[in-house]
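Working notes, beginning with the structure itself.
The values are calculated or read from the model by the stated rules, or taken from the named source; none is laboratory data. Just so you know, these numbers come straight off a predicted model, no measurement behind them. Backbone-built Cβ (ideal geometry, glycine too); neighbour counts: all protein chains shown.
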């Protein structure tokens, strides 16, 4: 940690004392203002893993993928969940009521590892997420078009469960979060549509740009471009790829940006 | 090499766990304190207690047991963690040092090692010289005095090491093993608890008592374990050293039909590669501390490396790592080779005492059932593809059921 390095140079005794305290009472006994080391849960999508600064989704933390409808966050989050569900128990809390498990399967997900939560009230969704994380869910995805206020304890207890189990959680959708949820989010990743990709004039996919908006665990401002091949009937190539824009896509991008 | 004498000789070294030695090296003030040492990442539920100091063991902590149990048994102990990489480095250093003393070294675990002491070596003209050198070398690297025992069999050498104080060596001369072992209680024998219990019921409390019973009688009572009991008590349980060798590299290779430029297409083969490597690792009972993806094409070969948070062995553990490696490939590929590096013993995970059940899927099912009871049915759903779904109509493909 940079802060610790500076302190060590200024006062080796202080650095030694801090190291002793952390070893004796745990790594979180004394925290620096920045530069926490967080373990990552690799998603297998290079762009996303490189974005967070911890080689994957931060474990024990809440990550928010924000964006308006149609910006690609919905399919990106489903693709991430699908990939992780091949190796981990996955929970999807669907506040929006729009998730089709066929899409998760199309993105290569393992439905046997998926628990789908359809809450009637926001509190139910948060309580279910916490209980399932405590029981061992490795990845939790919470999807909503618009986030309703919840009790202050709901996100706090979910975060506690994530910290103790080492799981990761994604909150997806919306352009703002209620204060009690925003307080607990470690990283905000903004998702913006760059262009649609087309096959025979049909929309086949979407180019998105991801950018770290605010991060308590790493550097803000990192970005990447991804191409999401959307699930389509009679087509098995749905997925997320990190690649350069092709000439045709660039034309579309210019058209989209006017 | 010819033997030092007619009977085989074996040296045994017992030392504090490497993790504890590393902790003491960094914090000498904790030598006399109760200390619990966990794995590198923040020890939590399900983690194993790697090592504990004598004071912590006396308070009830069990090395190899669950971390949480140890914390409950010994709440005042200093809790520290040691990175696996630091332990591996020290282990490697120790093995090399021991191999310099004797070419036949068996590394049993991070607290115990056997060396062949029967080979003639001009540097150690006597067993005492070898034992002394062994003790000094271990103390130099660990900064903690070890116990050293030399005897004619594994059990004799181990018992000799255990009978001496730290920093000292005990030599049991050839042929003196039965006499040396005579006073040793039967609890120390490496035999099943039921056998020891029956020995106590018969009034046989020491190895000397057991050695005085004729072998046929022991075999009649205990079967094959009677034979082993007799051999242990007479110091004839063998002096085989299973030497440590560097594990051979482990990997799987695929030659593709032609250059593949699309990384997404490449990733379709990832589950198969991960599964094959998992089979290779399972056959050797080893886990990969690091994975390397070697890709070859017209532009030559290149490779990508990834280090998992803990050694990976199963397909489920390997697959996300393989996918992450493949995502970094940036050019047409014709040959793909996935290599497992830094092979280590599979990580130990104890079944948790407090959260019931070891399988996460079972636990999640139970949690889902509790949630359904609390909030009513219809909250949590499981989805599966219908075995005989009618056509490809998406709405009809899946069968929904309440969790």
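Computed values, structure above
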read-out: Filter pass, residue A:103 being surrounded by fewer than 23 Cβ atoms within 10 Å (Cβ to Cβ) and modelled with pLDDT of 90 or more; value: no
read-out: Flag if residue B:266 is farther than 20 Å from residue B:249 by Cα and at pLDDT below 85; value: yes
read-out: Considering residues of the stretch B:330-349 that are over 11 Å from residue B:249 (Cβ atoms) and within 22 Å of the chain's Cα centre (by Cα) only, the residue modelled with the lowest pLDDT; value: B:349
read-out: Residue ranges of helices (runs of 4 or more DSSP H) in the stretch A:42-135 with at least 3 members more than 10 Å from chain B (Cβ to nearest Cβ) and within 12 Å of the chain's Cα centre (by Cα); value: A:73-85
read-out: Checklist (1) surrounded by fewer than 21 Cβ atoms within 10 Å (Cβ to Cβ); (2) over 20 Å from residue B:22 (Cα atoms); (3) modelled with pLDDT under 85 applied to residue B:66, failing item; value: (1)
read-out: Residues located in the stretch B:293-326, provided they are touching a helix residue (DSSP H, G or I) at 6+ places or on another chain (Cβ under 8 Å), under 16 Å from residue B:269 (Cα atoms) and more than 9 Å from chain A (Cβ to nearest Cβ); value: B:293
read-out: Filtered residue count, the stretch B:279-295, keeping only those that are surrounded by fewer than 18 Cβ atoms within 10 Å (Cβ to Cβ) and at pLDDT below 85; value: 4
read-out: Residue list for the stretch B:327-339, restricted to those being more than 10 Å from chain A (Cβ to nearest Cβ) and more than 13 Å from residue B:281 (Cβ to Cβ); value: B:331, B:332, B:333, B:334, B:335, B:336, B:337
read-out: Test: residue in the stretch B:154-170 that is in a loop (DSSP other than H, G, I, E, B), out of contact with any strand residue (DSSP E or B) (no Cβ under 7 Å at 6 or more places or on another chain) and more than 27 Å from residue B:30 (Cα to Cα); value: no
read-out: Residue within the stretch B:214-233 that is in contact (Cβ under 8 Å) with a residue 12 or more places away in the chain and part of a loop (DSSP other than H, G, I, E, B) present; value: no
read-out: One residue from B:82, B:105 being buried (at least 21 other Cβ atoms within 10 Å of the Cβ), touching a residue at least 60 places away in the same chain (Cβ under 8 Å) and more than 30 Å from residue A:19 (Cα to Cα); value: B:105
read-out: Residue within the stretch B:88-101 that is exposed (fewer than 14 other Cβ atoms within 10 Å of the Cβ), within 14 Å of another protein chain (Cβ to nearest Cβ) and closer than 23 Å to residue B:140 by Cβ present; value: no
read-out: Residue check for residue B:248: away from chain A (no Cβ under 14 Å), under 30 Å from residue B:334 (Cβ atoms), in a loop (DSSP other than H, G, I, E, B) and under 31 Å from the mean Cα position of the chain (by Cα); value: yes
read-out: Criterion violated by residue A:64 - all others in (1) surrounded by 24 or more Cβ atoms within 10 Å (Cβ to Cβ); (2) closer than 23 Å to residue B:379 by Cα satisfied; value: (2)
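One line per residue, one yes/no per condition, for (1) part of a helix (DSSP H, G or I); (2) more than 7 Å from chain A (Cβ to nearest Cβ); (3) at pLDDT 80 or above; (4) closer than 17 Å to residue A:138 by Cβ:
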site: B:362; (1), (2), (3), (4): yes, yes, no, yes
site: B:369; (1), (2), (3), (4): yes, yes, yes, no
site: B:387; (1), (2), (3), (4): no, yes, no, no
site: B:396; (1), (2), (3), (4): yes, yes, no, no
